Amino acid sequence: MAKKELSEKRIDELSRQPIIKSSVSKSKDGKWILHKTTIVDIKPMSYLDKVLCGEQ
């Protein structure tokens, strides 16, 4: 079986994807299951400036 390697373009695409973390725990009283999902998306400040101020 041939070993496949990722191209530079694919590595760049993957590094831009959000980071998703998931955790499952039980409530203190044991009656509930808590499922917590956190999504972290990193953008440069220039992106925020363009979104808030618009391109002028």
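Cβ-Cβ contacts under 6 Å between residues 6 or more apart (or on different chains), taken from a first residue in region 3-28 that is in contact (Cβ under 8 Å) with a residue 12 or more places away in the chain to a second residue that is hydroxyl-bearing (Ser, Thr, Tyr), are listed as Lys21/Thr38; Ser22/Thr37. If you go through region 3-25 and keep only what is among the polar types (S, T, N, Q) and part of a strand (DSSP E or B), you end up with Ser22, Ser23, Ser25.
Values in this text are rule-based calculations from the coordinates and carry no lab data. Nothing here was measured: the structure is a model prediction, and the numbers come from that model. Every residue, glycine as well, gets a Cβ built from its backbone with ideal geometry; the counts of neighbours run over all protein chains shown.
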